[in-house]
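Comments concern the structure below.
The values are calculated or read from the model by the stated rules, or taken from the named source; none is laboratory data. Note that the coordinates shown come from a computational prediction; the quantities given were computed from them, not determined experimentally. Virtual Cβ from ideal backbone geometry, glycine too; neighbours counted across all protein chains shown. For accessibility, only protein heavy atoms count, side chains too; no ligands or nucleic acids. Shrake-Rupley method; radii C 1.70, N 1.55, O 1.52, S 1.80 Å.
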Amino acid sequence: MTSKINIHNEADVMVIAVNNPPINAGSTEVRQGLLDAIQVLQSDSKSSAAVIIGAGNTFIAGSDMKEFSQPLAEPHLPTVISAIENCPKPVVCALHGAALGGGFELSLACDARIALEGTLVGLPEVTLGIIPGAGGTQRLPRLIGVEKSIEYICAGTRIKADEALKLGIINKLVKEDLLGNAISLARSLIGQKNRIRDITTPSVDASDVLAATQKALKVGKNRPNVHKAIEMITNTLTLPIDQGLAIEREVFQNLRIGTEAKALRHQFFAERKLFKPLAGDAQKPKSIERVAVIGAGTMGSGIAIACLSAGYTVLMLDQNEAALAHGTKKVLDFYDSRVKSGKMAAENASAILMSFTSSAQWGDITSADLVIEAVFEDMEVKHAVFQKIEEYAHPEALLASNTSYLDIDAIAAKTRNPSRIFGLHFFSPAQVMKLIEIVRCKLTAPNAITVGLQFAKRLGKTPVISANSFGFIGNRIYTAYRRQCEFMLEEGAYPEQIDKALEDYGFAMGPFAVGDLSGLDIAWAMRKNQASTRNPEHRYVNIADTLCLAGRFGRKTGSGYYQYVDGMKSGAVDPFVKKVIDEASAAKGIIRREFSSEEIVNRILLAMINEIAHLASEKVVSDVTDCDVVLVNGYGFPRWRGGPVFIAQEMGREKLNFELRELAELSGPGFVIANTDALFHLQ
Ligand code: NAD
């Protein structure tokens, strides 16, 4: 027996407890220990049945992902599962917390499953670029049918215990005394075996399977593993289980070592470390309960919704009565539509809204623990607003700015206590987007950043810490990437070609379609502001300026890089834009050339990688993989590609540096090749 498994006897029932904190991950030691325990059970004349249970807060909540990047050590999970199934004595699985992935597959090998209320079960493997590899695709359909299995396995759904009971995934749901109830259940099964492998998959209507498949492929159309999962699940209708299991294992092993699964694991680890600072023995951070949001515009109202949904008490303030009324309506409408669409119970929405106030009176912010400023992007306005905040907010309250580009150190410099000022950069729509950049200024107290992390965690967001630098992390990378897109326009590509190349690569939307959606006037205003300080020697593409001068600000004006006739959502290619671009090339004497999708994507990735290396050299980020988190969670970068840092690491330093030199030549004056050491952990 390994130290990760404890066994003891309760009269004739052996209790096998998995003890691998914090999540009882299924590691080699756990698998070996379980195998040993089943062997003991088989030969122990005093035990007639067994219960497998998790020690601590959960059952086996997943596999040890660190093991997935290497050849898996014996015994593999299917060996453990097969030992349970072939053991003549019944084994009951007692579930609490979460039984996910391999943990859930293990439970499907048992003769019955009993769960404590609130337990989650599921097979999230597809979200990691693989498929369940220990019988999940073969046993679940035998239990709940092909159609439901496609739905749950392809979405990686975490199924709630009451739903699992209805579906027959678990046999019994209890409110308390999980172990006692599991022992009784095991005792009632003595002398029986109820193996899922002996059930015939319920037959289904082919059209239902087709409908479930089409639904699953809507999200997973480009994911080879989703296609494979569907194939494996439907195999259960025709193939004997052992053949199905063997094919499933082979597919799992091949996907596990593939680039996509590796990329998804890279993202998983990059995101998992974000909350590590909260686990340290740092001074216990101040607890936030009341949030004041200043500004009831696009961002203010979205931030208010995000905070309300996380259970905070929120006050939203705007100096403009009409803006306040509009923002308040947005908040109320949000919850109203949640109720109408059946996503939220009416009483929950009412309870949330009881914690919401909107006001034009500064005196109302005094009880806030955290004040988030989301007013116009203008330094003078920000200074004035922070002065008001200081006048009225509690002296211990933390104060955050949601600015996109302004220098928060400069904002803090005009306040009395800069140590409580930092950035909380939400992305639009703030109630939806996962990313938050937490901006650490020169004088921000470390405790404020810890509170920011804790706040983001409660909001269910993905926070990344950035130093205070123009555009922080995301917008800085985005600017470099956009610049490269404009260079390619000038050299021979057209917006629709660049957008298509990136969408085919996996981006949710191409950059020009995004520009048209968010409005070209904002960036134009910023370029005009920067014109006097721009280095005239640097390459500057004026195509966007020409479009703006023609009144084309994107979708809202009916045209931008594309034309939007009669409120069309996706724009049509516009000959006027082609003319503007061709003329821009001609004016610089550039002979236009063909671009392949591959070249377009490669140039963009290199531009991003180069900017990330700059961010690392300038210490704007402390861990380069944070940049992959930013791009995936805030900028539509395809998660399954891992992010630019992952791509750079796969490419290798020598090839990357060579390609960056080529890119510098193509890009011309102004493009500075970064030192890429940090991407390869050489700094
Ligand atoms: P917005 O114009 O929609 O809203 C700003 C609100 O601030 C208005 O309702 C205005 O009445 C109010 N306001 C202005 N001066 C005020 C004052 N002195 N006191 C109280 N209220 C005042 O702007 P937005 O898009 O919500 O942007 C707000 C901030 O968030 C900006 O700093 C912007 O850069 C940043 N941001 C915007 C986005 C985005 O996509 N819109 C994304 C991230 C960050």
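Which one is farthest from G460 (Cα to Cα) among residues in region 392-413 that are within 13 Å of the ligand (Cβ to nearest atom) and in contact with a strand residue (DSSP E or B) (Cβ under 8 Å, 6 or more places away or on another chain)?
I411
Being within 10 Å of the ligand (Cβ to nearest atom) and out of contact with any Phe, Trp or Tyr (no Cβ under 9 Å at 6 or more places or on another chain) is the filter; apply it to region 363-378 and report the residue that is least open to solvent (accessible area, probe 1.4 Å).
Step by step, filter region 363-378, then rank; the result is V375.
Kindly indicate the residue of region 307-341 that is away from the ligand (no atom under 16 Å from the Cβ) and either basic (K, R) or open to solvent by less than 30 Å² (accessible area, probe 1.4 Å) (or both) and also farthest from V371 (Cα to Cα) among those meeting that condition.
K340
Filter region 663-676 down to the residues that are farther than 13 Å from I609 by Cβ and of a type outside the set (A, V, I, L, M, F, W, C), then identify the one that is most open to solvent (accessible area, probe 1.4 Å).
E665
If I ask for residues that are buried (at least 24 other Cβ atoms within 10 Å of the Cβ) and either in contact (Cβ under 8 Å) with a residue 40 or more places away in the chain or assigned to a strand (DSSP E or B) (or both), which ones from region 105-119 would you list?
L106, S107, L108, A109, C110, R113, I114, A115, T119
Could you check how many residues of region 582-610 are assigned to a helix (DSSP H, G or I) and closer than 30 Å to A648 by Cβ?
So the answer is 14.
Mind listing just one residue for me: the one in region 519-575 that is of a type in the set (K, R) and modelled with pLDDT under 95 and, of those, farthest from A508 (Cα to Cα)?
Across region 519-575, the extreme among qualifying residues is R534.
Kindly list the number of the only condition in (1) open to solvent by 20 Å² or more (accessible area, probe 1.4 Å); (2) within 10 Å of the ligand (Cβ to nearest atom) that fails for I389.
(1)
Which of (1) open to solvent by 50 Å² or more (accessible area, probe 1.4 Å); (2) under 22 Å from Q484 (Cβ atoms) does S585 not meet, given it meets every other one?
For S585, the failing item is (1).
Looking at region 575-628, which of its residues are over 30 Å from the mean Cα position of the chain (by Cα) and of a type in the set (D, E)?
D582, E583, E594
Here's the yes/no breakdown for (1) open to solvent by less than 40 Å² (accessible area, probe 1.4 Å); (2) in the same structural domain as I16 (by TED's automatic domain parsing); (3) closer than 24 Å to I7 by Cα:
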| residue | (1), (2), (3) |
| --- | --- |
| S184 | no, yes, yes |
| A216 | yes, yes, no |
| G220 | yes, yes, no |
| P224 | no, yes, no |
| E231 | no, yes, no |
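Out of curiosity, is A99 in contact with a Phe, Trp or Tyr (Cβ under 7 Å, 6 or more places away or on another chain) and aliphatic (A, V, I, L, M)?
Here the answer is yes, as A99 does meet what is asked.
Say we look at region 214-231 and pick out the residues that are of a type in the set (D, E, K, R) and in a helix (DSSP H, G or I); which of these is nearest to L264 (Cα to Cα)?
Per the criteria, the residue is K228.
Which of (1) closer than 24 Å to F269 by Cβ; (2) of a type outside the set (S, T, N, Q); (3) at pLDDT 95 or above is the odd one out, the single condition W640 does not satisfy?
Checking W640 against (1) closer than 24 Å to F269 by Cβ; (2) of a type outside the set (S, T, N, Q); (3) at pLDDT 95 or above, the one that fails is (3).
Quick test of your reading of the structure: R416 fulfils all but one of (1) over 24 Å from the mean Cα position of the chain (by Cα); (2) part of a loop (DSSP other than H, G, I, E, B); (3) within 10 Å of the ligand (Cβ to nearest atom). Name the failing condition by number.
R416 satisfies all of (1) over 24 Å from the mean Cα position of the chain (by Cα); (2) part of a loop (DSSP other than H, G, I, E, B); (3) within 10 Å of the ligand (Cβ to nearest atom) except (3).
Among the residues of region 60-73, is any in the same structural domain as R187 (by TED's automatic domain parsing), assigned to a helix (DSSP H, G or I) and crowded, with 24+ Cβ neighbours inside 10 Å?
Within region 60-73 (the criterion being in the same structural domain as R187 (by TED's automatic domain parsing), assigned to a helix (DSSP H, G or I) and crowded, with 24+ Cβ neighbours inside 10 Å), the answer is no, since none of the residues qualifies.
What helices (runs of 4 or more DSSP H) completely inside region 440-543 contain at least 3 residues that are more than 16 Å from the ligand (Cβ to nearest atom)?
Answer list for region 440-543: 446-459, 474-491, 495-505.
Scan region 494-513 for residues that are more than 20 Å from the chain's Cα centre (by Cα) and either crowded, with 19+ Cβ neighbours inside 10 Å or not assigned by TED's automatic domain parsing to the domain that holds Q563 (or both) and jot them down.
Once the filter is applied, which keeps residues that are more than 20 Å from the chain's Cα centre (by Cα) and either crowded, with 19+ Cβ neighbours inside 10 Å or not assigned by TED's automatic domain parsing to the domain that holds Q563 (or both), region 494-513 yields Y494, P495, E496, Q497, I498, D499, A501, P511, F512, A513.
Testing I38 on (1) touching a residue at least 60 places away in the same chain (Cβ under 8 Å); (2) touching a strand residue (DSSP E or B) at 6+ places or on another chain (Cβ under 8 Å); (3) open to solvent by less than 10 Å² (accessible area, probe 1.4 Å), one condition comes back false. Which one is that?
Every condition holds for I38 apart from (1).
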